[in-house]
């Protein structure tokens, strides 16, 4: 088998066999296949697509390029949730403790911020001392001790994906649904889970702006997971405005604490309950979605979710006092309100621009090696449909640099659209559900 | 400007600007752009195509990635010929001396064998002592001394093409007409020529098997050459069976000597006269193609072409005695006839298979670094339309290894198709002419 022949086959629209894909992925892992051949294959794959069988073979090969956790020694179902990413998308910080508090295991391997979106790992690291770089052994110990652990991808997990992902980032081959599916599913399946709930975002702040693209990706991921013997559901959820009101790392941790205290009830808390309910249902903890929602709400109202979060933070080296007093989280030096230029109703918020503004403030990376500022961000006071009076604050910017403030403010001002009438139709939070049988 | 954005633009079917293409090619030459980004761009380009303006920009950028010869100090027109490659395609060895003998300058930079096709440099190197690796200074000196010099691409000539070419070979991106055009034209224009005659092959032994693909490539190359201020013509010529009767390096030199002695008149000699005539016409040496053909025929019949070839061989370190006595060329240890399995007429010869058979005997390379056997090859006794009697030899194999003989013989036996009736229509030698104004 010659790599160049496999590249040519895909280039000409052919279907690679399971063995051919394994050969490619194994060569990627071992380093036998040079990057320039991998990137030509990635581009051919992006432009020609992959069949369902090819995607399954890719996922399987990437999954087995590294260690696959065997958590069968732990009694009970192992469940996880994955989001395709958005702005203010912080549900993992609520869901993981809430679901673990109800007795399921949540072995969650998360990612960092990408482009205009934030990442769970970056948010967790804004908690002083929190260590996301546990070894797999430590990961198991925390998981066994409290039912949940939150870490980053280790070198042992899907190393082929790690390499391909880095290449895709610099070769314009990120956007392939087939490659996205393989990348997500290989990492998630390596966690040794039984159940996976996928939160596939759509709208102006999502990677998949068009709903049909989100649905397509969701279908690929559900089918791939089911082929691998897992119970999988995908929720297509709204990312046409930031989720919740806080955007930024420490700010988002703060909002999650308010949600878990039961002090905040908004789209964020609603989505946390919805996704947790599916984890309970597919994890055989409840018999219906309604029952699942009740259980999730109960985990929050009883304070069990927050207590579990405090426990996780403690076990992973973080300062549990932060959970009781969010003022201990990193704070920006200055804040500045952005005033509404007119009176009326918020018709829309260009969501990606809010994410970019947060990055501009120092909350994002241009290169992988860049460090981020955990304290900066934006707190929205007005969201879609809200009434606003001229001069009233639309949001508050938390910043550490005057130069960056101006650029972020310009982006935010352009992001808000104000109309005299309220928007005619509300966008639903959940657009659709795929799989879940 | 970021390379990944240019890759994405092309991936999405966009047109790159002249500046963007220059940025990419300059980054290729300097090494600033890593191979994995180049190969992703190459694949996107192959699958999305390039506009005529992009091809011109690519050619120009690759041309100026290295040295462009200025031959204006030499009195008279500088003309060259380029073939897209085939089996038994040895016209350069006759044309270059014939045209130089008539007073034009032929600064010819050639290539090596590629896949199933032979290369001019490999053929020349079968002449004992012949040095194709002249520096550009030596190249100029030989050219000034005798009107012709035959060398390989030096490090100074189109280095961007050299790098991209090597990458294309291993990333399945050879077959893009746009990239082929840029590669050929940048190297040829770097020779400092006024006139270029392109021999674009079509048929079972050509890279462009289908005539429409050959015509498309020819149009791209002619337009690109004209945009760069050159006089260019492309002849679409037949490569559905080997050209002439000899296939193999030393064997092809031998056949060329017979042609230049006036001893052999066949499709090879006819094509040499045709292509030379176009070089004379566009080089303002004659007023009509007919006149050009007469002049070319005269250069051969007078012995001037052969004398010029002897002179070139001498100036480039080769043994001129070889030209007078082809028995001094490398010879294979053994020969074996392939007998006709039936009686009838040769309906067709799968031309690529003959080329592959010659490679199998040792005349080709699998990897760039491989050495070749100059002595092996095949001499055809029967070509399309010829009558053959069962048991009569179709061809003679010249070989140095019994193991390789068997595989080559099997390929050759499968390549010949014999029918009871002669083929109804003869394929013309020249299928069409593009440009040449």
Checklist entry - Between the range A:52-77 and the range A:282-355, how many Å separate their Cα centres? => result 30 Å
Next on the checklist: So if each residue of separation counts as 0.36 nm, and I subtract the Cα-Cα distance between residue A:264 and residue A:156, what length gain in nm does that give?
Outcome noted: 35.0 nm
Checklist outcome for this item: Distance in nm between residue A:287 and residue B:1 label points, each 7 Å along Cα→Cβ, equals 6.7 nm
Next on the checklist: Using Cβ contacts closer than 10 Å as the measure, can you line up B:207, B:345 from fewest to most?
Outcome noted: B:345, B:207
Checklist outcome for this item: When B:288, B:237 are arranged by how many other beta-carbons sit within 10 Å of their Cβ, fewest first, they go B:288, B:237
Item to check | Partner chain coverage, peptide A:166-174 - average Cβ within 10 angstrom | outcome: 6
Next on the checklist: Taking residue A:319 in one copy and the same position in all the others, each labelled 7 Å out along Cα→Cβ, what are the pairwise distances from the first, in nm, shortest first?
Outcome noted: 8.8
Checklist outcome for this item: Taking the reciprocal of mean 1/r across every pair of different Cα atoms in the range B:246-319, the Kirkwood radius in Å is 13.0 Å
Checklist entry - Using only Cα atoms, what Kirkwood radius does the range A:285-437 have, in angstroms? => result 18.7 Å
Checklist entry - In terms of the Cα gyration tensor, with a ≥ b ≥ c the square roots of its eigenvalues, is the range A:385-437 rounded because a/c is under 1.5, prolate because a/b exceeds b/c, or oblate? => result oblate
Item to check | Extension reserve of the residue A:169-residue A:15 stretch, reckoned as 0.36 nm per residue once the Cα distance is removed | outcome: 53.0 nm
Next on the checklist: Run lengths n ≥ 4 of DSSP H only: what is the helix-derived mean residue ellipticity at 222 nm for chain A, with -39500 (n - 2.57) per run over all residues, to the nearest 500?
Outcome noted: -14000 deg cm²/dmol
Item to check | Rounded to 5, the percent of DSSP beta bridges in the range B:79-325 classed as antiparallel | outcome: 5 percent
Checklist outcome for this item: Rounded to the nearest 5, the percent of DSSP beta bridges in chain B running antiparallel is 55 percent
Checklist entry - What order do you get for B:18, A:2 when you list them from fewest to most C-beta neighbours inside 10 Å? => result A:2, B:18
Item to check | D (Stokes-Einstein, µm²/s), Kirkwood Cα radius, the range A:79-325, 1.002 mPa s at 20 °C | outcome: 120 µm²/s
Checklist outcome for this item: With no solvent term and unit scatterers on the alpha-carbon positions of chain B, Debye gives log₁₀ I(q)/I(0) at q = 0.07, 0.08, 0.14 Å⁻¹ of -0.33, -0.44, -1.33
Checklist entry - Hey, rough spin-label estimate for residue B:430 and residue A:347, points 7 angstrom out along Cα→Cβ, what's it come to in nanometres? => result 6.7 nm
Checklist entry - When each pair of different Cα atoms in the range B:3-49 is counted once in the 1/r mean, what is the Kirkwood radius in angstroms, to one decimal? => result 10.4 Å
Checklist entry - What does the protein assembly as shown give for Rg and for Dmax, in Å, if only its C-alpha atoms count? => result 35.0, 107
Checklist entry - Hey, what angle do you get for helix B:92-101 against the long axis of chain B, alpha-carbon based, 0 to 90 degrees rounded to 10? => result 80 degrees
Item to check | Ratio Rg/Rh [Cα only; Rh per Kirkwood] for the range A:1-128 | outcome: 1.07
Next on the checklist: Report for the protein assembly as shown the percent antiparallel among DSSP-assigned beta bridges with both residues inside it, nearest 5.
Outcome noted: 55 percent
Checklist entry - For all pairs of alpha-carbon atoms in the range A:331-419, what percent lies in each bin of width 10 Å, listed from the first bin to the last filled one? => result 19, 49, 26, 6, 0
Item to check | Rounded if a/c under 1.5, otherwise prolate or oblate - the range B:285-341, Cα gyration tensor axes | outcome: oblate
Checklist entry - Which distances, shortest first and in nm, link residue B:422 to the matching position in the other copies, using label points set 7 Å out along Cα to C-beta? => result 9.2
Checklist entry - Taking the simple approach of a point 7 Å from Cα along Cα-to-Cβ for both residue A:421 and residue A:321, what is their distance in nm? => result 5.6 nm
Next on the checklist: Between helix B:52-63 and chain B, what is the angle of the helix's C-alpha long axis to the longest principal axis, kept within 0 to 90° and rounded to the nearest 10?
Outcome noted: 80 degrees
Checklist entry - Roughly how many Å is it from the Cα centre of the range B:382-437 to that of the range B:104-159, as a whole number? => result 30 Å
Checklist entry - When the Cα centres of the range A:1-44 and the range A:194-262 are compared, how far apart do they sit, in Å? => result 31 Å
Checklist outcome for this item: chain A, Gaussian network, Cα under 10 Å: of A:100, A:321, A:190, the residue fluctuating most is A:321
Item to check | Nearest-ten-degree value, helix B:249-260 long axis tilted from longest Cα axis of chain B | outcome: 80 degrees
Checklist outcome for this item: Sorted shortest first, the nm distances from the residue A:343 label point (7 Å along Cα→Cβ) to its counterparts in the other copies are 10.9
Item to check | Relative contact order computed over chain A (Cα-Cα under 8 Å; 6+ residues apart), in percent | outcome: 19 percent
Checklist outcome for this item: By the Cα gyration tensor axes a ≥ b ≥ c (a/c under 1.5 gives rounded; else a/b larger than b/c gives prolate, otherwise oblate), the shape of the range B:59-178 is oblate
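Bear in mind that the values in this text are calculations on the coordinates, not laboratory data. None of the values given here were measured: they were computed from a predicted structure. FYI the Cβ positions are ideal-geometry reconstructions off the backbone, even for glycines, and counts take in every protein chain you see.
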